[in-house]
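Taking it in order: structure first as structure tokens, then the write-up.
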Amino acid sequence: MTERRDFEVIVIGAGIAGASLAYFLAEQGCGDVLLLEREAQLAVHSTGRSAATLSSADANPTLLRIKQAAKPFFLAPPAGFSENPVLRASGVLGVYPEPLWSRLRSALAALRETGLNATLLEPDEVLRRVPALERSQFAGGILIPDDGRLDVHEILSSYLRHARARGAILKLGQEVLEVVVEGGRCRGVRTRDEVFRARIVVDAAGAWAGQVARLAGAMAIELVPHRRTIVTFAPPAGLAIADWPMVASSAHDLYFAPEAGDLLLSPMDEDAMAPCDPSPDDAVVADGLARFGKLAPALLPRSLKRRWSGLRTFAPDRVHVVGEDPTLPGFFWLAGQGGCGIETSPLVGRVAAELVLHGRSDAFDTELLSPARFAVS
Ligand SMILES: Cc1cc2nc3c(=O)[nH]c(=O)nc-3n(C[C@H](O)[C@H](O)[C@H](O)COP(=O)(O)OP(=O)(O)OC[C@H]3O[C@@H](n4cnc5c(N)ncnc54)[C@H](O)[C@@H]3O)c2cc1C
């Protein structure tokens, strides 16, 4: 049998963005999809390096709406979606010093109106949940009890399993080196050995999405990868941490959470860099641990178990870029997932699939996501 080279849709990149799109295309009856992934394994880049958190609060109103619209999928996934639970609703607890705490307190009603299931916690209630926090470092907390930790491997493999069951083809170790443009329209891609053709080519290349767009000659959108680091370490012996929520403190620029018997901590670094395979910066880790020593001195580790960094890639307004390129028909953006690409994938993947298949989606205000918002008039 000769290998197929013509498809309805080609997706460049099989991270959470590409996988969720393939899933929702299949759900809508389109399994004529080729996913091309450069790496020989899945989840090598951002998708495999995240903090795996569903944290539905967001200061950006568009991201807040996307997160609210995506969350029900994880709270109650479609029947048969996954083999194991995808969410452990262990809660996300923001802790705040004054004067921020008083401001948030008086804004609680407005916060709840956005749909956030937020509960105010007085300091004693915060300490009852996470006794290791230093009382002088915060004045109160806001708990979102049904946020929590996602199983990214389960989500990614479930998206792909369903897509492949309905015909999608996943090819690993296939880097797209060229985007084929003929007659002013995007027609396919070239890898080292092959040319594949399609009606629509989707750029879901994560930190490399800007590079892929340049290969195609699509619009220039400034997508900038930013490094973020995570370390893990053992908690003090005998301390029961398993039921703690994730704790985030914007005043200390860090978050931490239980992670498979250990603690996971991020110094919430955000260094802009070119697309790459980033490594943690020792100074960033040391500064983060110094801040952690103020917020939770009893937890400060003597040594680390694991440390890694990944890239969070942002458009200038920090909102996803989803839609057909206004200057290059057939070239579709699915990029700029930033720091919430996993938790937003059920909504963004669905919107992208509907746009690819029908040119419109009722699931969200697609103009807020469209690449056209960056067009220079
Ligand atoms: C430390 C850290 C913590 C995070 N925490 C969270 C969190 O708690 N919750 C959350 O929702 N999000 C979080 N994120 C963000 C989330 O990980 C990303 O938004 C998401 O994974 C981006 O997915 P993606 O598919 O766009 O990119 P990727 O996962 O990077 O996938 C893109 C793929 O494209 C492939 N590719 C690139 N160029 C080509 C080419 N030319 N040909 C073929 N393939 C190509 C790459 O190999 C890659 O596999 C975090 C990120 C980091 C780094």
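The values are calculated or read from the model by the stated rules, or taken from the named source; none is laboratory data. Everything quoted here is computed from the prediction, not taken from an experiment. Note: ideal-geometry Cβ built from the backbone for every residue, glycine included; neighbour counts use all protein chains shown. Accessible surface is based on the protein model in full, side chains and every heavy atom, while ligands, DNA and RNA are left aside. Shrake-Rupley method; radii C 1.70, N 1.55, O 1.52, S 1.80 Å.
Using every pair of distinct Cα positions in region 24-160, the Kirkwood expression returns a hydrodynamic radius of 17.4 angstrom.
Here region 137-159 is scanned for amide nitrogen atoms under 15 Å from the site 7 Å beyond the Cα of W308 along Cα-to-Cβ, giving 150-157. Can you give the FRET efficiency for L75 and D365, using 1/(1 + (r/R0)^6), R0 = 22 Å, r = Cβ-Cβ distance, to the nearest 0.05? The pair L75/D365 has a calculated efficiency of 0.45. Nonpolar atom fraction for the chain, defined as the carbon and sulfur part of the 1.4 Å probe accessible area, stands at 50 percent.
Annotation: per residue accessible area for the chain equals 43 Å², rounded to a whole number [probe 1.4 Å, protein chains only]. Oblate is the label for region 1-55. Its Cα gyration tensor axes, ordered a ≥ b ≥ c, give a/c of at least 1.5 and b/c at or above a/b.
Relative protection proxy for 218-230, 284-296, from highest mean packing down: 218-230, 284-296 (other beta-carbon atoms within 10 angstrom). When each of the peptides 351-359, 331-339 is scored by the mean number of other C-beta atoms lying within 10 Å of its residues, the order from highest to lowest reads 331-339, 351-359. Applying 1/(1 + (r/R0)^6) with r as the Cβ-Cβ distance of A298 and E182 and R0 = 51 angstrom yields a FRET efficiency of 0.20. Label-to-label distance for E27 and E122 is 4.3 nm, based on points extended 7 Å past Cα in the beta-carbon direction. The modelled label-to-label distance for the pair A290/A234, using points 7 Å beyond Cα in the direction of Cβ, is 2.7 nm.
Based on the Cβ-Cβ distance of M273 and D317, what FRET efficiency does E = 1/(1 + (r/R0)^6) give at R0 = 22 Å, to the nearest 0.05? Mind showing how you got there, number by number?
Values: r = 20 Å, r/R0 = 0.90.
Computed FRET efficiency for M273 and D317 comes out at 0.65.
Summarising the overall dimensions of the chain from its C-alpha atoms, the Rg and Dmax are 21.3, 70 angstrom. The length gained on full extension between R373 and E134, counted as 0.36 nm times the residue separation minus their Cα-Cα distance, comes to 81.6 nm.
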